[in-house]
1. Can you tell me the alpha carbon radius of gyration of chain B divided by the globular rule-of-thumb value 2.2 N^0.38 Å?
2. For chain B, calculate the relative contact order in percent as a whole number, restricting contacts to Cα pairs under 8 Å that are 6 or more residues apart.
3. In segment B:18-92, which chymotrypsin sites (Phe, Trp or Tyr not before Pro) are in a loop and have at most 16 other Cβ atoms within 10 Å, using DSSP for the loop call?
4. From the helices alone, meaning DSSP H stretches of at least four residues, give me the mean residue ellipticity at 222 nm for chain B, per-run term -39500 (n - 2.57), in deg cm²/dmol to the nearest 500.
5. For segment B:462-528, run through the trypsin sites (Lys or Arg not before Pro) and keep only the ones in DSSP coil with at most 13 other Cβ atoms within 10 Å of their Cβ.
6. Provide the per residue accessible area, probe 1.4 Å, for segment B:125-187, rounded to a whole number of square angstrom.
7. Given a 1.4 Å probe, how much area per residue of segment A:25-76 is accessible, in Å²?
8. Using a/c under 1.5 as the rounded threshold, could you call segment B:281-398 rounded, prolate or oblate? The axes a ≥ b ≥ c are square roots of the C-alpha gyration tensor eigenvalues, and prolate needs a/b larger than b/c, oblate otherwise.
Amino acid sequence: MVDWQKSNTGFPQTIVLRPNGSLTIGQAAGLIGLMAVLMIGIGTGFALMGAWLVLPFSGAELLLLIWALGCSMRNSGYREVITISDDKIKIERGISYPQQRYEFFRAWARIQLSHPSVHGHLARLQVGSHGKQVEIGAFLNEEEKQVLAKELQKLLG
Amino acid sequence: MATVADTHDTHHEHGPAKGWLRWVTTTNHKDIGTLYLTFAFVMFIVGGAMALIIRAELFEPGLQFVDPHFFNQMTTLHALIMVFGAVMPAFAGFANWMIPMMIGAPDMALPRLNNWSFWLLPFAAALLVATLFMEGGAAASGWTLYPPLVLQTGDALPFTIFTVHILGMSSILAAINIIVTIFNMRAPGMTMMRMPMFCWTWLVTAFLLILVMPVFAGAVTMLLTDKFFDTSFFNPAGGGDPVLYQHLFWFFGHPEVYIIILPAFGIISAVIPTFSRKKLFGHNSMVYATCVIAFLSFIVWAHHQFTVGMPVPAELYFMYATMLIAVPTGVKVFNWLATMWKGSMTFETPMLNALGFLVLFVLGGFTGIMMSQAPADFQYHDSYFIVAHFHYVLVGGAVFGIFAGLFYWLPKWTGVMYDEKLGKLHFWLSFISMNVLFMPQHFVGLAGMPRRIPDYAVQFTEFNALSSVGAFIFGVTQLLLGYIVWKAIRGEGEKVDGEVWEGAKDHGLEWNLASPPPYHHSFEGIEIKERD
């Protein structure tokens with residue numbers, strides 16, 4: 001998904017790209033809470049009947065569910081922030097904080113939307129100059145990539 | 001000056017790997033779906049071969065081909081392989097192929113976990129089959145693995161239990177992946193109530209799986225400790241109780257029945273509207289009915305144990321609770337019928353299989369209601385009537401559901417239409433032989449023939465011979481299924497467009513993609529509509 005934070009008064013302009021995530025942290029917490037009550041409840045019930053070995057399996061599985069949800073939520077938290085200032089285009093990406101940074105001179109930057117040579121592959125949108133290329137929005141769909149490419153072209157002038 | 005260069009890519013790192021390593025290392029949901037379905041078919045043939053050994057032995061009274069101990073090993077492994085190796089992986093294959101495309105996601109939420117959850121299966125299945133060759137043979141206790149009988153298994157016992165753990169682990173990983181995918185990967189606009197029924201039924205199935213699998217894992221681990229570590233969970237001599245195992249097993253085992261059948265409900269809810277050219281009648285009520293069935297499946301387990309000596313109030317409770325399941329199931333059947341009502345129906349192979357499902361599942365459901373009556377169940381218990389009942393549900397329901405889904409989505413997956421004539425031939429042969437196979441078992445069961453025996457009284461001969469003939473026809477017919485699918489995979493057939501079936505685009509996002517869909521699909525310009 002593409003969030004535009006355009007400024008009407010010129011530069012800097014910021015574009016935030018993020019993968020789709022349909023679950024909020026609150027919903028995830030609610031889901032884990034519900035499953036914890038059910039799984040630990042069932043395990044405890046059987047433990048009270050003498051079958052206590054169910055409980056460790058319930059606990060292990062609950063941890064696995066929490067890990068899986070956490071991984072997916074974490075991946076959904078990935079952001080690519082493209083900032084276009086008067087003379088530069090800056091790309092920052094990472095989860096929670098910028099883990100990678102790239103900068104190009106705006107005047108030299110080139111936007112490249114490449115169609116795949118193999119059927120079934122997705123197009124790639126890249127920003128770069130002087131032989132150095134950085135792919136952006138790999139998680140966007142083709143339509144979003146095309147719109148973004150055109151918009152970036154306009155902004156870069 | 002900046003420009004947008006519209007070029008052709010020369011990078012290849014996102015495509016499928018070449019050769020067999022592609023299938024080992026793949027994290028692509030379509031590849032993994034194909035792996036699951038291929039594995040399921042292989043196990044269907046292996047489990048089917050075991051069924052044919054059983055039916056060959058039962059063709060006439062007396063012992064013909066195998067000794068009673070081996071016969072019991074066959075009944076045990078046939079069931080374990082069909083449930084955990086064939087039917088569940090087949091539905092996991094459908095889930096992998098279809099759920100991301102149905103909810104507008106690029107792939108499953110945890111692709112590497114997905115790869116692992118599949119690749120656990122072949123090793124578990126190989127180990128399970130290998131137990132046949134161990135000292136003392138494979139487990140011969142039936143798929144329920146009841147103590148104390150199962151504790152008499154030879155060297156194979158720990159391996160069987162290890163196998164059950166691995167199979168359970170695979171199911172849990174797949175279930176967690178499906179839950180996370182459906183909750184977190186839905187496309188904007190794809191609200192929960194807009195999701196297709198197939199996704200809903202799989203979501204509910206996934207919850208059932210993760211709630212009951214720890215119980216089964218705990219139960220079989222306690223068998224292991226009773227055998228090797230001197231515990232007495234199920235040993236009365238040490239203060240334990242073998243009936244506790246039955247409660248544990250059926251707390252898992254009854255929801256397991258719904259784990260097997262709910263995804264089939266989802267497939268049928270996709271097929272019937274397409275070939276009736278109408279929207280699914282009562283989508284929301286179908287969702288609620290699925291949830292109610294899932295809830296009820298947790299509170300009825302002891303109807304499998306009516307003869308164990310429960311107090312009468314408990315028998316009454318489990319009897320009435322079990323009868324309640326007929327209500328939400330009836331809602332589903334009513335909605336499928338209402339969907340077809342005044343529809344412009346056509347009868348291509350997927351629809352024939354869906355109708356076959358409907359007829360056979362309802363028959364299996366009716367005998368289920370008979371068995372829910374505790375006093376009557378004292379007659380049916382452990383008889384061939386039970387065998388007939390659950391095969392109507394599991395073969396007539398789950399397997400025909402798989403056939404319907406396979407023929408429905410096969411053109412989407414391969415890009416070519418399967419051989420319709422052979423498809424219809426496969427359906428009719430399967431439908432007729434299935435009834436020849438299992439219908440007579442009702443009668444011998446009611447007349448008193450017990451299950452899990454290699455020999456029987458002579459008055460049951462004719463019905464058993466008929467049943468065995470049906471089994472062999474049904475078995476050979478499944479080789480025809482393999483041939484039909486093989487032809488389609490090789491691209492032999494008429495090329496199809498993305499929609500495949502007339503009006504299919506109204507029934508799901510997947511029909512907006514090309515056939516076959518791109519290795520990495522992406523949805524563009526598609527509006528996700530509110531359901532009517």
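The values are calculated or read from the model by the stated rules, or taken from the named source; none is laboratory data. Just so it is clear, the structure is predicted and the values come from calculations on it, not from any experiment. Cβ: placed from backbone, ideal geometry, glycine included. Neighbour counts: every protein chain shown. Please note that ligands, DNA and RNA were not included when accessible areas were found on the heavy atoms of the full protein model with its side chains. Shrake-Rupley method; radii C 1.70, N 1.55, O 1.52, S 1.80 Å.
1. Working: Rg = 23.4 Å, N = 532, 2.2 N^0.38 = 23.9 Å.
Compactness ratio reported: 0.98.
2. Once normalised by length, the contact order is 16 percent.
3. Answer in residue order: B:W20, B:F65.
4. Here the helix-only value at 222 nm equals -21500 deg cm²/dmol.
5. Counting only loop positions with at most 13 other Cβ atoms within 10 Å, the trypsin sites (Lys or Arg not before Pro) in segment B:462-528 are B:R490.
6. On a per-residue basis, segment B:125-187 sits at 30 Å².
7. Computed with neighbouring chains in place, this is 49 Å² per residue.
8. oblate
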